[in-house]
Each structure stands twice: as structure tokens, then as C-alpha cells.
1. If only one of 90, 81 is within 20 Å of residue 58 (Cβ to Cβ) and within 12 Å of the chain's Cα centre (by Cα), which one is it?
2. For the stretch 90-140: of the residues being open to solvent by 30 Å² or more (accessible area, probe 1.4 Å), among the small types (Gly, Ala, Ser) and part of a helix (DSSP H, G or I), which is farthest from residue 74 (Cα to Cα)?
3. Restricting to the stretch 80-116, count the residues that are of a type in the set (Gly, Ala, Ser) and without any contact (Cβ under 8 Å) to a residue 12 or more places away in the chain.
4. Hey, among 84, 65, 71, which residue is farther than 14 Å from residue 35 by Cα and in contact with a helix residue (DSSP H, G or I) (Cβ under 8 Å, 6 or more places away or on another chain)?
5. Can residue 77 be described as in contact (Cβ under 8 Å) with a residue 40 or more places away in the chain, touching a Leu at 6+ places or on another chain (Cβ under 9 Å) and open to solvent by 50 Å² or more (accessible area, probe 1.4 Å)?
6. Give the stretch 44-61 a look and list any residue that's among the polar types (S, T, N, Q) and open to solvent by less than 40 Å² (accessible area, probe 1.4 Å), or say none.
7. Could you grab me the full set of residues in the stretch 62-74 that are open to solvent by less than 70 Å² (accessible area, probe 1.4 Å) and in contact with a strand residue (DSSP E or B) (Cβ under 9 Å, 6 or more places away or on another chain)?
8. Working only within the stretch 45-71, note down all residues that are within 17 Å of residue 117 (Cβ to Cβ) and either modelled with pLDDT under 95 or assigned to a loop (DSSP other than H, G, I, E, B) (or both).
Amino acid sequence: MPKLRASMALALAAVMAAAIAVPAAAQDEASPSIEGPVWELLNIGETPADTSASMSLDAGTAAIFGGCNSFFGSYTLEGESLTFGDEFTSTLVECEPAVMEQEQATIAALGDVASYATEGDLLDLLDDAGGQVLSFGETS
């Protein structure tokens, strides 16, 4: 009987070790979610952002702070495919012309987004050809 208990204990230990190891391995392979974090705008195309702007994605709603106004619209995320709805609602605060130009360029660029790529704390929104449309850095 002691031999049977020892064998069962070893078998149980092996099963528990495997159960713990599998989720850790699966987690390492999973790509980070772009939903949830606040992303700070770094570039529009190849042009660096002049004004502090940010975006967050959550459950199909994109919330963007353009530097003066806030914008809200829909998005669809399927795998690495990402598209934004055609219409965004926004606040209507009159801002400095340069800030408003950047806001409008950011919102217009969302119409060209077809997918995304992440590397570390960077998020690139890409067009159909894989070219960078917008780039962001994770802030939180």
C-alpha cells in the first residue's frame, strides 16, 4: 500500500506541474491586448505628433483625446484586423489651429486603418499594404 500511495503522489505532482506550466506557456505566446491601455499618439504617418493626444479602445468603442477635443467612435477588432467606423462624435471646443489640424488628421487617418502590430509597448496602426498610418506608445 505505501508504494501505491507514493506512485499516486508522484502522478498527482506531475499532473499539477503540467497544469501550472501550460497556462504560463500559453500566456507567453499570447499577444498583448490593444484594448484597455491608454495609447499616446507618437506619429501620424511619418510625422511626429506635435500635441499630446491619446486613444483607448474598449468593447468596440474608441475614445480619442486629440489635444483639445474628445472623439468617440466605433471599431471592429478581429485577430490582427482592425477597422474604425466612418463617424466619430466629438466635443466642439475651439482650439489653436495647429492642434485642430492634428486632431482632424488623426481622425481622418483612422479611415485608412486595416490592421495593427505591436512590439513591446508600441502600437502601429497599419493600412492595407502594411504601411504605418498612426503609431502609439502605451502610457498605462
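The values are calculated or read from the model by the stated rules, or taken from the named source; none is laboratory data. What you see is a predicted model, and the numbers here were worked out from it, not measured in a lab. So basically every Cβ, Gly included, is an ideal-geometry build from the backbone, and we count neighbours across all protein chains shown. We work out accessible area using only protein heavy atoms, side chains counted, and drop any ligands, DNA or RNA first. Shrake-Rupley method; radii C 1.70, N 1.55, O 1.52, S 1.80 Å.
1. The match here is 81.
2. Among those that are open to solvent by 30 Å² or more (accessible area, probe 1.4 Å), among the small types (Gly, Ala, Ser) and part of a helix (DSSP H, G or I), it is 98.
3. Total meeting the criteria: 1.
4. 71
5. For residue 77, the condition - in contact (Cβ under 8 Å) with a residue 40 or more places away in the chain, touching a Leu at 6+ places or on another chain (Cβ under 9 Å) and open to solvent by 50 Å² or more (accessible area, probe 1.4 Å) - is met.
6. Hits for the stretch 44-61 are 51, 54, 56.
7. Passing the criteria: 62, 63, 64, 66, 67, 69, 70, 71, 73, 74.
8. Within the stretch 45-71, 45, 46 meet the criteria.
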